[in-house]
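Beneath this line is the structure, given in structure tokens, with notes to follow.
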Amino acid sequence: MTNIVLTVNGTQVLREVEDNIFLAYFLREQLGLTGTHVGCDTSQCGCCVVHVNGTSVKSCTMLAVQANSADVTTIEGLAKGDVLHPVQRAFKEHHGLQCGFCTPGMIMAAVDLINTYPKPLTAEIVRDEMEGNLCRCTGYHNIVKAILAAADEMRPVVTA
Amino acid sequence: MKISERAFRAVGKPLARNEDLRLITGKGRFTDDFNLPGQLWAAMVRSPYPHARIRNVDGRVALQLPKVLAVYSGADCEADGLKEINHNPVPSTKYDLKLTGKDGGAVFIGKHTLLPTDRARYVGEAVAMVVAETREAALTGAENVMVGYEELPFVVGTVEATQPGAPILWDSQTDNILVDSSFGDAAATATAFAKAAHIVSDVFHIGRVTGVPLEPRAALGDYNSETGRYTLYAGSGGAVRQKHELAHVLGVEPKDVRVLSFDVGGNFGTRNRAYVEFGLVMWAARKLGRPVKFRADRSECFLTDYQGRDLVTEVSLAIDESGKFLAMRASNLSNVGARCVSLSPLSKGSGLITGSYNIPLATLRSRAVFSNTMPTQAYRSSGRPEVTFAIERLIDKAATQLNMDRFEIRRRNLVAPSQMPYRNAVGSTYDSGEYEINMDKLLRLADWQGAAARREDAKRRGKLLGIGFANYVESSIGTPKERADLIVSPEGIEVVIGTQPAGQGHETSFAQVTADLLGVPFERVKIILGDTDVVSAGGGTHSGRSMRHASAVIALASDDLVSKAKLLAAQIFHVAEGDVEFDDGVFKITGTNITTDWFDLAKRLKELQLEDFPGGLWVRRDNEMHTPVFPNGACMCEIEIDPETGGIEITRYATVDDVGRCINPLIVHGQTHGGIAQGVGQALWETCYIDPESGQPQNGSFMDYGMPRFNNLPFFKTEISEVLSPTNPFGVKAGGEGGTTPAPAVIMSAVENALAPLGITGVEMPATPAKIWAAIQKADRSALAEYI
Amino acid sequence: MYPTKYHTPKTLSEAQKIFAAAASPAYLSGGHTLLPAMKLRLAAHSDLIDLSAIPEMHGFTQKADRLSIGAMTRHHDVANSALVAKLIPALAGCAGSIGDRHVRHRGTIGGSVANNDPAADYPAALLGLGAIIVTDKRQLVADEFFTGLYQTALQPGEILLQVEFPIPQIAAYAKFRSLASRYSVVGVFISQNNKKVRVAVTGAGAGGVFRVQSFEAALEKDFSPSALVTCSVDPAYLMADASGSSEYRANLINVMARRAVENPGKTSCYN
């Protein structure tokens, strides 16, 4: 058991955790943040993506103790009160989700992509960069559209 | 009843979904999100053998481990009187083809006990359960349960399992064949074949795949010793069905089981039948006096989620000089796995073997066979992609053999709108459709005119361009009964209904229908699903039934509700019932300027507490609707093959889908997109391959099961065609299966089209780069000189 | 995952001490192979020693004609490093082609190299560039380092600190990915440095990553795709699985090698 202190969605939490607990299950089972999902055992589906210190990670492949002193953002921390994040809004407007199970990881991945990708996003870039997230319902079509729409809103075209 | 389009304000609009807010903010309620105080964890001990006698289950070592509380075997289940899961696999609506055993008798299905007492019949079958304080302790316990196995000969192949001398799975049977039925007119078909100018034949194996809903299956069981009631949290395709089946397993009345199924992380058929773990966690909760939870790993899902397809079909077409189809002969063989959970795929496909074509005569033999594999179940568009593959691939072959244009041969044989309703040669009656118009729309949508130029362009880049085409017709039947409660309160209208979405947007599209029927704003309608203590009856979601059944029963219930509300208004305003008129949400008292609406009536009723209206302003309506509908369409895709690597890129994909009335185009297009991905997945990447030598499944994780991904699919062009069905009030057909149904056929049509310059045919699904490359090596590669 | 004890040593010597004292320890770098294996109970370690806090294992340094990369440097940082992009752009591309963006945010060059997965990309880059592997005990050349499937010359407890890459005139990587895992079915890393050519292949070798001397000789004579047309690798040395036969892999080695030569400075992904 190890004591860890971390910030989750802006709130500091202090917990004693077993060393073999993954961050995803720490969030789900100890903090009750069940929006972060786990869809596979091999770090491939991306349902568990959260941000650790501003970077997307697969929280099923990171131990909770490795997040000691980190700043973690989950899907629950993305909206500001009742105001949805542009990516959340775009997913709804463009029907970028069906069953919704992959959606939290998908949205967290998309936010990371839009925030950090150094060049303007195209459909091809979105498809390549989002490869670490699987969806079984949408055929990806509307997710790509949603991400591009959110990117347009978040990263207005800069004209030189 | 007739629906007035005049009142449509919500119906037909691409409204964003009511479901989404909770799902995009992390507030969904999936099974594993629920936990109960004092909860224990279950883990399964699974058979490593495809076929083995179970000599004994020894839990002594496991029970010595920390936190392990119990080890249960099949003998324990039997001793407690647990019954089998009564899957009721034989489709039985008035319009399903009647499948029987070999002698025309009942179908032997193989009892599905929660844990077997005699043998393990497939790799991954649960043979014992360990319950412990934590999941990790339960898993460690499971590793330490000693099961005495005696390995038995096994068979996993679909055709192999039918052959004389094949190992037999069930002692009471003389072979593995559980269904053997024939349909159509064999004698007349034989005569037509004898006269035919051309006969085209082929054999296709539509291989085994699995649904891969991204939410791994999970279950949380509880038992209240004071009330004697069980509770189960488990995602499914219909909580009401699960309630009844699990009550049977536990030997209690259905009222003593409550099933909660809220957000379901994908289904695609895999969750439509109960899983053994569902019964086991409830039973263990009673035995141990604490709630018990089970959560499958992805690898367990790959092994033991109900799987799909696995059909071998032999088909022949008799064709006259002019290219007219005269008759068809088919023999379909479905691999149901170790026990029979569902015959939906075989039955569904059987009724559609003639596809979209006017083939006057047909004969069909439908068989099902046991094998040492995970049971199969309906999987996205159960049975229809298989038979669509057979007829469409066969027609492509016929076009080549007869040296006819593949579109022309189809046009010459499509069922015409004037023939609707059209009864096909095995007895299915297609309700409506404009099949040739679908084709024409598609050729425009897919820019068929530009295809030749694109082919040349691909060639310049060293790529073989292939164009695939397929028509399809599918059937939406499903459980015939549905119930809706409509409850009016001053705040809004609630609709309680027994369908079970897993992403299909019922909370939105049903609200659209209700809003327009009652003339209320869409925002004031709320759909209630998924808790059997609230939802008293309902058929669940499968076979594309939900929109059609829901809109029909809600329409009937709405009529009842209007009548009841008129009665109420008459009492409130002291007039005769006949003096209350209803139009588009407004009740008017004839000859006065008094008007009122639903919410006002509900408010007044609440204040007045009239005794004629116990429980307020609400109605319950049951509906039984057997008549099937036949969604249909046409589909085209383009692929480019890199002849040096065998790699395939899908460059274009277009569909026209006649879904009948489209309630919400945003949702319907989304259904088509997802359906396409699943069908394409089977054609190109997905397979549950079971090694015939070892009986071991080879695809146990995303490391080895190829999934549709962001970067192996293109944008799709999808067009909805609305030819209203005459069979139900709104004219709904279905929109969930159209994407999948033609997809394997259209992709393989494109693969063969691309490889046509090399004379390659018969590439099997999934058409992997390695297979394509190997086929190219065996072919005459002189044609490639122009490419490489 | 079986119980384990997690450590975060701040110094090399502390890490070494913890390792020496533990029953069945493992060093933890990015964790994207080790942790899934432990999660699936395919591996069990009494102690996990996280190397991420050890300063000398991070970052990039240019030393004359070499580029040194700390073992704990994450794939994402290699892919996005301006220095790597300037000196060995194909290496940046290679790092950017590993796994997916979330995996690249965690996975490290040292972890990938020490694991030596037969389908991983970095082993091909190291062998194809003739890298030097610096450990807490010694320096090894890549040709000596990769010894077999998941096998390296690392001794128990030895810590990989840096990888030093000679800076080539030309380097390129081409890979053909698995439909499922997205690992390389075949990946070919090619470099040309002072007229010497190295061709390293991952994903295909029955014994892990390997060099193809016949390709190297052909390219040293004529660094062009056409020089490779008549070259081949004997399928007998290659693996076969659901992604393809050994003959298919032999073909892909040739195709990927040609495409690498056609695209100098780049990493090209197929399928």
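We did not get these values from a lab; they are worked out from the coordinates using the rules stated. Remember, it's a predicted structure, so these values are computed and weren't measured experimentally. Don't worry about glycine lacking a Cβ; one is built from the backbone with ideal geometry, like all the others, and counts go over all protein chains shown.
List the residues, sorted by chain then number, that are 5 or more residues from A:N20 or on another chain and whose placed amide H is less than 5 Å from its amide H.
HN-HN under 5 Å from A:N20: C:T4.
What percent of all Cα-Cα pairs in the range C:170-270 falls in each 5 Å bin, counting up from 0?
3, 15, 27, 26, 18, 8, 2, 1
Apply the Karplus curve 6.51 cos²θ - 1.76 cosθ + 1.60, θ = phi - 60°, to the phi angles in the range B:474-479 and return the couplings in whole Hz, x for Gly and Pro.
10, 10, 10, 10, x, 3
Using +1 on the beta carbon of Lys and Arg, -1 on that of Asp and Glu, and nothing else charged, what's the dipole of the protein assembly as shown about the Cα centre, debye to 20?
The calculated dipole for the protein assembly as shown is roughly 980 debye.
Which value results for Rg/Rh of the range B:476-525 when Rg is the Cα radius of gyration and Rh the Kirkwood radius based on the inverse mean 1/r?
0.99
With charges set only on the Cβ (+1 for Lys and Arg, -1 for Asp and Glu), what does the dipole of chain B come to about its Cα centre, in debye to the nearest 20?
Dipole size: approximately 220 debye.
Using only helices, what value at 222 nm comes out for chain C when you add -39,500 (n - 2.57) per DSSP H run of length 4 or more and divide by the total residues, to the nearest 500 deg cm²/dmol?
After summing the helix terms and dividing by residue count, I get -8500 deg cm²/dmol.
Among B:I497, B:V473, B:F389, whose Cα sits farthest toward the positive end of the charge dipole of the range B:363-516 (+1 at Cβ of Lys/Arg, -1 at Cβ of Asp/Glu, about the Cα centre)?
B:F389
Compute the normalised compactness of the protein assembly as shown: alpha-carbon radius of gyration over 2.2 N^0.38 Å, N being the residue count.
0.95
Would you calculate the volume per residue, in Å³, of the smallest convex hull containing every Cα atom of the range B:698-788?
198
Please report, for the Cα atoms of the range B:269-331, the Rg to one decimal and the Dmax as a whole number; what are they, in angstrom?
Expressed in Å, the Cα Rg and Dmax of the range B:269-331 come to 23.3, 74.
Compare the Cα positions of C:A21, C:Y6, C:S52 along the charge dipole of the range C:1-53 (+1 at Cβ of Lys, Arg; -1 at Cβ of Asp, Glu; about the Cα centre) and return the one farthest towards the positive end.
Positive-most Cα among the choices belongs to C:Y6.
Students often forget the sequence filter, so: which lysines lie under 18 Å Cα-Cα from B:K195 once same-chain residues fewer than 8 apart are removed?
By straight Cα distance, B:K195 reaches B:K324.
I'd like to know how the range C:1-53 sits against the 2.2 N^0.38 Å rule of thumb: what's its Cα Rg over that expected value?
1.07
When the helix-only estimate is applied to chain B (DSSP H runs of n ≥ 4, each -39,500 (n - 2.57), divided by the residue count), what is the mean residue ellipticity at 222 nm, nearest 500 deg cm²/dmol?
When only DSSP H runs of four or more count, the value is -8500 deg cm²/dmol.
Determine how many Å³ per residue the convex hull of the Cα atoms of the range B:590-743 encloses.
It comes to 268 Å³ per residue, whole-number rounded.
Over 14 Å apart: what share of the alpha carbon pairs of the range B:602-649 falls there, rounded to a whole percent?
75
To the nearest µm²/s, what D does Stokes-Einstein give for the range B:125-240 at 4 °C and 1.567 mPa s, using the Kirkwood radius over alpha carbon pairs as Rh?
This corresponds to a translational diffusion coefficient of 61 µm²/s.
For B:T740, which sequence-distant residues (separation of 5 or more, or a different chain) have an amide H within less than 5 Å of its own amide H, given hydrogens modelled in the peptide plane?
HN-HN under 5 Å from B:T740: B:I676.
To the nearest 0.05, what FRET efficiency results for A:T7 and B:V159 with a Förster distance of 41 Å applied to their C-beta separation?
Calculated value: 0.10.
Under 14 Å from a label point 7 Å along Cα→Cβ of A:N68: give me every residue in the range C:1-36 with its amide N that close.
Residues passing the 14 Å test: C:5-11, C:15.
Using a 10 Å cut-off around each Cβ of peptide B:642-654, what is the average number of partner chain Cβ atoms that fall inside?
3
Report P(r) for the range A:86-154: all Cα-Cα distances, bin width 10 Å, range 0 to the bin holding the largest distance, values in whole percent.
Percent of pairs per bin, in order: 23, 63, 14, 0.
Counting only trypsin sites (Lys or Arg not before Pro) that are in a DSSP loop and have at most 11 other C-beta atoms within 10 Å, tell me the longest site-free stretch of chain B.
B:95-460
Cα-based Rg (one decimal) and Dmax (whole number) for chain A, in Å?
For chain A, the Cα-based Rg and Dmax read 15.8, 55 Å.
In peptide A:72-82, what is the residue-averaged number of other protein chain Cβ atoms found within 10 Å of each Cβ?
The per-residue average across the peptide is 2.
Would you report the distance distribution of C-alpha pairs in chain B as whole percents per 20 angstrom bin, up to the bin with the largest distance?
16, 46, 31, 7, 0
When the Karplus curve 6.51 cos²θ - 1.76 cosθ + 1.60 is applied with θ = phi - 60°, which whole-Hz ³J(HN,Hα) does each residue of the range B:360-367 get, with x for Gly and Pro?
Couplings: x, 10, 7, 9, 9, 10, 10, 10 Hz.
Can you list residues whose amide H is under 5 Å from B:Y149's amide H, if they're 5+ apart or on another chain and H is modeled 1.01 Å from N?
Under 5 Å from the amide H of B:Y149 lie the amide H atoms of B:R55, each far enough along the sequence or on another chain.
Round to a whole angstrom and tell me the spacing of the C-alpha centers of the range C:78-129 and the range B:325-350.
Spelled out, the Cα-based centre of one part sits 49 Å from the other.
Largest first, please: the extent of the C-alpha atoms of the range C:67-119 along each principal axis, to the nearest Å.
Sorted largest first, the three principal extents are 27, 21, 18 Å.
Sorted by average packing, counted as other Cβ atoms within 10 angstrom per residue and highest first, what order do A:74-83, C:261-270 take?
Final packing ranking: C:261-270, A:74-83.
What helices in chain B pass both tests, a Cα length along the helix axis of 30 Å or more and a mean Kyte hydropathy of 0.0 or higher, using whole DSSP H runs?
Sorted by number, the helices that extend far enough and score high enough are B:546-573.
By DSSP, what percent of the beta bridges with both residues in chain B are antiparallel, rounded to the nearest 5?
Bridges in chain B are about 80 percent antiparallel.
Can you put A:V57, B:V562 in order of Cβ neighbours within 10 angstrom, beginning with the fewest?
B:V562, A:V57
Find how many whole Å separate the alpha carbon centroid of the range B:36-54 from the alpha carbon centroid of the range B:431-497.
Using only Cα atoms, the two centres lie 42 Å from each other.
Can you give the FRET efficiency to the nearest 0.05 for C:T230 and B:K778, using r as the Cβ-Cβ distance and R₀ = 25 Å?
It comes out at approximately 0.70.
Quick one: B:E277, B:E434, fewest Cβ neighbours within 10 Å first, how do they rank?
Ordered from fewest to most neighbouring Cβ atoms within 10 Å, B:E277, B:E434 come out as B:E434, B:E277.
Can you compute log10 of I(q)/I(0) for the range A:2-77 with the Debye formula, treating each Cα as one identical point scatterer, at q = 0.16, 0.18 Å⁻¹?
Debye intensities relative to I(0), on a log10 scale: -0.47, -0.60.
Kindly give Rg over Rh for the range B:312-412, based on alpha-carbon atoms, with the Kirkwood expression for the hydrodynamic radius.
Here Rg/Rh amounts to 1.05.
Could you tell me which of the pairs B:K27/B:K293; B:K481/B:K526; B:K778/C:K266 are separated by over 28 angstrom between their Cα atoms in the structure shown?
The answer is B:K778/C:K266.
Could you tell me how many cubic angstrom of Cα convex hull volume the range B:418-538 has per residue?
Cα convex hull per residue, to the nearest whole number: 223 Å³.
Could you work out the equivalent-ellipsoid semi-axes for chain C, taking the square root of 5 times each eigenvalue of the Cα gyration tensor, largest first, in whole Å?
Rounded to whole Å, the semi-axes are 31, 21, 16.
Can you sort C:V141, B:V68 from fewest to most other Cβ atoms within 10 Å of each residue's own Cβ?
C:V141, B:V68
From the P(r) of the range C:1-112, can you give the percent of Cα pairs sitting at distances over 20 Å?
More than 20 Å apart: 46 percent of the Cα pairs in the range C:1-112.
Helix C:246-262 versus the longest principal axis of chain C: what is the Cα-based angle in degrees, 0 to 90, to the nearest 10?
Result, in degrees: 80.
Which residue, chosen from B:T655, B:L139, B:P291, occupies the Cα position most advanced towards the positive end of the dipole of the protein assembly as shown, where the dipole is computed from +1 (Lys, Arg) and -1 (Asp, Glu) charges on Cβ about the Cα centre?
B:T655
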